[in-house]
Structures are given as structure tokens and as C-alpha cells.
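Beneath this line is the structure, given in C-alpha cells, with notes to follow.
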Amino acid sequence: MNFLNPVTTQTWTNGRHMVRCVKVIQETWDVRTFCFMAEQPVLFFFKPGQFVTLELEIDGEPIMRSYTISSSPSVPYSFSITVKRIPGGKVSNWLHDNLKINDELAVHGPVGNFNVIDHPAEKVLMLSGGVGITPLMSMARWFFDTNAMVDVEFVHSARTPRDIIFHRELEHIFSRIPEFKLHIVCERSDELGDAWSGFRGYLSQAMLELIAPDFMDREIFCCGPTSYMNAVKHLLLKNGFDMTRYHEESFGATPVDVQEEVLEHVEQAEAQAEEFDVADMLSVEFSASGKSVRIQPGETVHSAAAKLGLHIPKACGMGICGTCRVPLASGEVDMEHNGGITDEDVAEGYILSCCSTPKGNVVVDF
């Protein structure tokens, strides 16, 4: 005899979703967590470490910005992002100053290759700097809530004691499971004079050997400022670490070096434009808009849309955030993405327009 009622709750899938802010938590003096739910119950399952892209309007201008989910899918009916107020940061300051309980907004996702589901291991080393703790917190919460049989060394670097995000929760989680070990490194004591008796300064080889002597045997997940991640990678490479076992998260605004590389490609394309025969040009048709354009080989679907004045939403421009996903109706493309689209989406015929270059004539359903 069945005493269970059938569950009719919807499950989260990558796409555009309307959500409502249900809670705002002040984590530190400049960091807040925003919690979201859907009006109709939705099971927000995702892979711990993945992220969403917020669709916002600031000063009348549409803006997309990606944030890691800091909560765990083990708490399934809501999800949270944790945002640090950045001096001069347009989006982070707007969120801190304006996003309130009951406000609604659209989110895209979840997406991302940086997660613990796709890279299972019995021994894990988590390295985070500053607000880079957010994806690793999601992973730690997931391991804790699911009673995972994982040996975790969690190392977090903060500027001062008052900058330690999730401090009390970290102490709680890591006090209850012997296989979970917490190590916090503070660059210095804070201006309020709070003493710090733990590791001080910057993560170094000597410090890492003290914290996790077996770090060479662990699966490593790293997130933090670019300088922090570069220092970690340099340390690991110097020791001959197998970098297939190193995973890092990086997304957001296109880095300067990537922007310069893009500009360089544009200049090269313009310089070579006269060398292309008209017969080599490819047709990109946007069936829903009833428009088409001819482009040179190597140009992206997104740039083809822009030439027609069609605005396909885009955030990162590097195939990370998944915002520019569109259905490919016919034809083939080369898509060099960075985790912003799932295998299931690809199987269903979706592409990321920012990093897809047509192999021949294509039709896009947009």
C-alpha cells in the first residue's frame, strides 16, 4: 500500500527563471547574502560550485552579472548568492543598496563546470580567497548535509578577522566531523584590534605543508582573486602537481587581456577582410526575426546578430555564463565554451552564440 503522495514540484533546469528575494543576510561589514525562491515551489537542484546570472536593470540599462550560488542544493526550495560590495562596483553596490525582500528578478542558469559532482574524490583540498569562498561554501555545505565520506581540508584566506565570511557556520560545520578540517589565514589583524592567533600573512608553500602535508594527493578546488589563483597554480606547478586534478572558478567581466585579444582579432579580421572572396562568406539566418546576414569565416553567431541590430543577451562573452544560449535550427557550428552550457542542452540543439562560429550556412531560432 502506497502512503506517499506524488510530488508535483517543478525542478530547476538551465534557462530563464523569475525568482523573489526572501531574505537578506549581513555576513560581514561589506558582504551580504541574498536568498531567493520561486512563487510556485521549485526544487533548485544544481551542482555545488555552479553559478547563476542575474538579469538586472540599473539606471535604465540592462545588465547581466554572474554570481556563484553559495547555498547547497541539499536545501532545495531556495538558493542564495553572496555578494561583496566592491568600491566603484556598479552591480555589487546596486544590489547592496537596492535589492530588498519581495523584490523580483530574472536569473539564468544554473551552469558551470566548477563543481564537486563532476570531479568526485575521497580527499579534497579547498582553497579560497575573500569572496571566492562562495562556491567552496556550497560544496562544504553539500558534503556536510549529505554525510559525504570525504576527507576535506578547507583553507580560507581573508584580509582581517572581520572579513571572514561565514565564520561561525564554518566553525560549526568543521567542529562536528573529524574528517573536515578548517584553516583560516588572515593577512593581518583588523583596525579594531581583534587579535588573531591563527595563520597570518599569505598562503605559502611552508604554510600549505603545515596545513595539508598530503596536498599533492588531493583533488584541489580553488577560487579567489586572480592574483591568489595564479599564486596557487604557480606553487602547484613548481611541485609537479597533476593539474588535471586542479579546478578553479573564474568568471565575470571579460578580463583586460581577453579584451585586448578580442580587439587584436578584430583588427586582424579587418586587415584581412579584403583577402576573403565573397564566395567564402557564410549566411546566418535568424528565423524568428526574419533577418539574415553574410559573415566572414571565424565570426561568431553573436556578432552576426549584432550586425543586424538583434540583441542576444550576453554577460561574459567567453562561453561561461550561458546567458547567450539560443537554439540552432540548422547547420553546424564550432563552439568553444567554458562550461556555460550542459551536454543536455547541446543534445537538444542549443548553442552559446558568443563562442559559436558557423562551419557553413546556419539558421538560428531567434
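Relative to the longest principal axis of the Cα atoms of the chain, the long axis of helix 167-176 lies at roughly 70 degrees.
For the chain, a simple Cβ point-charge model (Lys and Arg +1, Asp and Glu -1, everything else neutral) yields a dipole of about 1280 debye relative to the Cα centre. Each Cα pair under 8 Å and six or more residues apart adds its separation to the average, and for the chain the resulting relative contact order is 14 percent.
Listed from fewest to most Cβ neighbours within 10 Å, the set PHE144, PHE45 follows the order PHE45, PHE144. The H on the amide N of LEU43, modeled in the peptide plane, is under 5 Å from the matching H of GLN10, THR11, TRP12, each at least 5 residues off or on a different chain.
Compared with the dominant Cα axis of the chain, that is its longest principal axis, helix 256-272 is turned about 20°. The ranking of THR300, THR244 from fewest to most other beta carbons within 10 Å of each one's beta carbon is THR244, THR300. Note: relative contact order over the stretch 275-364, using C-alpha pairs below 8 Å and six or more positions apart, is 35 percent. Axis of helix 226-238 versus longest Cα principal axis of the chain: the two differ by about 80°, to the nearest ten degrees.
Since every read-out is calculated from the coordinates, none of them should be taken as a lab result. These numbers were taken from a predicted model, which means no experiment stands behind them. A quick note on method: Cβ atoms are made from the backbone with ideal geometry, for glycine too, and the neighbour counts reach across all protein chains shown.
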